[in-house]
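Chemist: I'd like to ask some things about the structure below.
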Amino acid sequence: MAGRAWRTALGTLAVLALAGCGGRDTSSGDDWRSQFKEVKIAISGTNDDPQLVKRRETYKAYLGKALGVPVRLYESSDYNGVIQATSSGQVDFATLAGGGYANVDAQVGNKVAPLFTTRQAEGETGYYSTLVVKADSPVRSLADMKGRSLGYVDYNSTSGYLYPRAAMRKQGVEPDTFFGKTSFAGAHTQAVMALANGQFEGAILQASGGTPETGFTRGPLRTLARQGLIDLKDFRTVWSAGPIPSEVLVTRTDRPQALIDLVRGAMAALPYDEPQLWTDIGQLDGSAYTAVTREHYKEIIDLRREELAHRRNGGGKS
Amino acid sequence: MKRLTILAALAVMAGGAAAPPLRVAVQAAATAPCAKPVAGGPAGEKAYYDHLETRLGREVQRCAFASRAEAAAALAGGKVDMARLDPASYAPIQAQARAILTVRGAHDANRIPVIVAVRNADAAKDLAGLKGRTIGFGGASSAGLATPRAVLAERGLAAGSYRETVEPDGDTALDALRKGRLEAVAVHGAAWQRVCRMVSPKDPNPCGDLRVLVKARPRATEALVVRTDMPLDLRYRLIGIHLPLHLEAPAAFAYAAGVPGAAEFQPAEAEALTLATLK
């Protein structure tokens, strides 16, 4: 009996030792795995964009291997879903546009903190909001849009609502009275299709991977063009605002520091360890993650606060 | 009861043992055994070790070596866990170790991939075939000019061994290559992507008329290096701790970066200290 107990004990030890050799660290702080049977990450997006679907699966596979626990992605087709999941603590991490983070910050303050954003090859860490019209439109500038219909993306969209409205005001255009009619398309790709179908005479769209001077390589226009759903030649950009601080990965600050460091390191290593995967998920060659703090988003946080105050005072018919 | 006690003790030994210290190699006047750093060392040294120790939950020791070659040998031999190496000291141990972090200077681009390309019909098979010929660059920025120049130079095409033309941007350089005004281009990866990425299913390969001779990141001058058998999550945690170090612990960062004008730590590919090419 005693011999069997020893054999069992030694067998257990052997199994534990083998587990330790399987690429898993045994340092302190790793006990978070006993509390987290899975790690939850929120992202926004819809299934109509194959790049986003691929990105979700890529995140899951890569992070699951790095973390040693399954990764569950909480997908929401609207901005508010990710914002609320992050604010309420239903998820551990989330990717948010600057405006979304500003909304979360207004709700829960330092219970959520930014980890990193993307730094592009030329050093920029931002993207742009553009006003796009159909190529055959008589509209050549923002001024030409006076009295015409405009499509925004979503109230919680940074490039599709918050930032361009502030930029218009800085240029002397009051967006609540300047346009004939405004409404929300719901998402960037829907805004493109609504513009193509003549629902709006102009649409506010995100563009990235370049500057107004160099031209852009990413954004809803190019996503739909690559799918063969539109032809870029049918559209024209007449105005732009930016750069806007890029999307941020945030974390709930009450999560274990070891988990936060591990996720930050694993994600940051992706463009170097898996460069093909990095571009497959829609990132540009030469870009990389760079650490940021709340200060990086202060302008957006202030804009969100001003927009809320504006609405409370009766503005904002959109 | 006795057996249960023994089993419990074995379980504690297997699963709850204190983590071994992380041993970091540093260059010093003389070799010294691994130990926790004491106050009175270089500015920021203790802050760096304390920061690592707090975040890793294990003791972090300083191991002094008189040269980088000695530190590299100790790393390969399992006597230390991380060392700052340069290409020369890394070369003898590259089968057992990999780079994980480099330092980016405040005015430097990321270590971006550079693409050197020619027209399909060009006779050049490699960079040597571009000696004495006209190479176009996409702009005068660090990413547009300095980084591509560095990639060419470290692969045998030093300044002066080719005729250099600086175009306003990558798009213009690629257009000039197609029109025959240039014989080759050296542009960064994003500039190449801007022109060559598919924008319509009708034209799945917009740069099918061009041929890539080399795609490579510039070789790092220094990197933090670990053994390839370091557990994956410890390697990622080290990256995750160093990435925001300049924001969270500036004094520790200044010490750990080791060079004036450093902006941040960046992750690195395993072969960052070699002349490896990318696919």
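The values are calculated or read from the model by the stated rules, or taken from the named source; none is laboratory data. Quick caveat: nothing in here was measured; it's all calculated off a predicted structure. Every residue, glycine as well, gets a Cβ built from its backbone with ideal geometry; the counts of neighbours run over all protein chains shown. These area figures cover heavy atoms from the full protein model, side chains too; ligands, DNA and RNA do not enter into them. Shrake-Rupley method; radii C 1.70, N 1.55, O 1.52, S 1.80 Å.
Chemist: Quick one: in region B:63-88, which of the residues that are closer than 18 Å to B:LEU234 by Cβ, in contact (Cβ under 8 Å) with a residue 60 or more places away in the chain and among the charged types (D, E, K, R) is surrounded by the fewest Cβ atoms within 10 Å (Cβ to Cβ)?
Modeler: Among those residues, the one meeting the criterion is B:ARG84.
Chemist: Of all residues in region B:40-62 being more than 14 Å from every other protein chain (Cβ to nearest Cβ) and among the acidic types (Asp, Glu), which is least open to solvent (accessible area, probe 1.4 Å)?
Modeler: Filtering first and then ranking leaves B:GLU45.
Chemist: Can you confirm whether region B:216-233 contains a residue that is surrounded by 18 or more Cβ atoms within 10 Å (Cβ to Cβ) and within 22 Å of B:ASP122 (Cα to Cα)?
Modeler: Checked region B:216-233: at least one residue is surrounded by 18 or more Cβ atoms within 10 Å (Cβ to Cβ) and within 22 Å of B:ASP122 (Cα to Cα).
Chemist: With the checklist (1) surrounded by 24 or more Cβ atoms within 10 Å (Cβ to Cβ); (2) under 23 Å from A:LEU221 (Cα atoms) in hand, flag the one item B:LYS202 doesn't pass.
Modeler: All conditions are met except number (1).
Chemist: Separate question: List the strands (runs of 3 or more DSSP E) that sit entirely inside region A:199-318 and contain at least 2 residues that are facing another protein chain (nearest Cβ under 10 Å) and open to solvent by less than 30 Å² (accessible area, probe 1.4 Å). Break it down stepwise before answering.
Modeler: Working: elements: A:202-207, A:235-245, A:248-252, A:288-291.
Those strands (runs of 3 or more DSSP E) span A:288-291.
Chemist: Next up: For region B:91-102, which residues satisfy the criterion of being more than 14 Å from chain A (Cβ to nearest Cβ) and either surrounded by fewer than 16 Cβ atoms within 10 Å (Cβ to Cβ) or of a type outside the set (Gly, Ala, Ser) (or both)?
Modeler: Of region B:91-102, the ones more than 14 Å from chain A (Cβ to nearest Cβ) are B:91-97.
Correct list: B:ALA91, B:PRO92, B:ILE93, B:GLN94, B:ALA95, B:GLN96.
Chemist: Right, next: Can B:LEU145 be described as crowded, with 16+ Cβ neighbours inside 10 Å, in contact with a helix residue (DSSP H, G or I) (Cβ under 9 Å, 6 or more places away or on another chain) and free of Cβ contacts under 8 Å to residues at least 40 places away in the same chain? I'd like the intermediate steps shown before the answer.
Modeler: On the way: crowded, with 16+ Cβ neighbours inside 10 Å: yes; in contact with a helix residue (DSSP H, G or I) (Cβ under 9 Å, 6 or more places away or on another chain): no; free of Cβ contacts under 8 Å to residues at least 40 places away in the same chain: yes.
No: the conditions fail for B:LEU145.
Chemist: Only one of (1) without any contact (Cβ under 8 Å) to a residue 12 or more places away in the chain; (2) farther than 22 Å from A:GLY100 by Cα fails for A:ARG169. Which number is that?
Modeler: Going through (1) without any contact (Cβ under 8 Å) to a residue 12 or more places away in the chain; (2) farther than 22 Å from A:GLY100 by Cα one by one, A:ARG169 breaks only (2).
Chemist: Inspect all residues belonging to region B:233-255 and state whether any of them is at pLDDT below 95 and either within 14 Å of chain A (Cβ to nearest Cβ) or within 14 Å of the chain's Cα centre (by Cα) (or both). Spell out how you get there, then give the answer.
Modeler: Here is the first cut: in region B:233-255, the ones at pLDDT below 95 are B:233.
Subset that is either within 14 Å of chain A (Cβ to nearest Cβ) or within 14 Å of the chain's Cα centre (by Cα) (or both): B:233.
For region B:233-255, residues at pLDDT below 95 and either within 14 Å of chain A (Cβ to nearest Cβ) or within 14 Å of the chain's Cα centre (by Cα) (or both): present.
Chemist: Another question, then. Given the condition within 14 Å of another protein chain (Cβ to nearest Cβ) and among the hydroxyl-bearing types (Ser, Thr, Tyr), answer yes or no: does some residue in region B:118-139 qualify? Before you say what the answer is, go through the steps one by one.
Modeler: Kept after step one, since they are within 14 Å of another protein chain (Cβ to nearest Cβ), are these residues of region B:118-139: B:137-139.
Restricting the remaining residues to those that are among the hydroxyl-bearing types (Ser, Thr, Tyr) gives none.
Taking every residue of region B:118-139 in turn, none turns out to be within 14 Å of another protein chain (Cβ to nearest Cβ) and among the hydroxyl-bearing types (Ser, Thr, Tyr).
Chemist: Within region A:105-128, count every residue that is surrounded by fewer than 22 Cβ atoms within 10 Å (Cβ to Cβ) and away from chain B (no Cβ under 13 Å).
Modeler: Matching residues across region A:105-128 total 7.
Chemist: Out of the residues in region A:79-95 meeting the condition of being within 12 Å of the chain's Cα centre (by Cα) and open to solvent by 10 Å² or more (accessible area, probe 1.4 Å), tell me which one is nearest to A:THR251 (Cα to Cα). Please lay out each step first, then the result.
Modeler: So the first thing to find is which residues in region A:79-95 are within 12 Å of the chain's Cα centre (by Cα), and the list is A:79, A:82-83, A:93-95.
Right, trim to open to solvent by 10 Å² or more (accessible area, probe 1.4 Å) and you get A:79, A:95.
Working: A:TYR79: 17, A:THR95: 9 Å.
Among those that are within 12 Å of the chain's Cα centre (by Cα) and open to solvent by 10 Å² or more (accessible area, probe 1.4 Å), it is A:THR95.
Chemist: Restricting attention to strands (runs of 3 or more DSSP E) lying wholly within region A:89-181, give those where 1 or more residues are over 30 Å from A:LEU262 (Cα atoms). Steps first, answer last, please.
Modeler: Details: elements: A:93-96, A:112-119, A:126-134, A:149-152.
Because the criterion is at least 1 residues that are over 30 Å from A:LEU262 (Cα atoms), the strands (runs of 3 or more DSSP E) in region A:89-181 that meet it are A:126-134, A:149-152.
Chemist: Does B:PHE265 count as within 10 Å of chain A (Cβ to nearest Cβ), in contact with a helix residue (DSSP H, G or I) (Cβ under 7 Å, 6 or more places away or on another chain) and not in a loop (DSSP other than H, G, I, E, B)?
Modeler: Numbers: within 10 Å of chain A (Cβ to nearest Cβ): yes; in contact with a helix residue (DSSP H, G or I) (Cβ under 7 Å, 6 or more places away or on another chain): yes; not in a loop (DSSP other than H, G, I, E, B): yes.
Criteria met by B:PHE265.
Chemist: Which residue, of B:GLY105, B:GLY156, B:GLY136, is of a type outside the set (Lys, Arg), crowded, with 17+ Cβ neighbours inside 10 Å and in contact (Cβ under 8 Å) with a residue 24 or more places away in the chain?
Modeler: Details: B:GLY105 fails: crowded, with 17+ Cβ neighbours inside 10 Å; B:GLY156 fails: crowded, with 17+ Cβ neighbours inside 10 Å.
When all the criteria are applied, what remains is B:GLY136.
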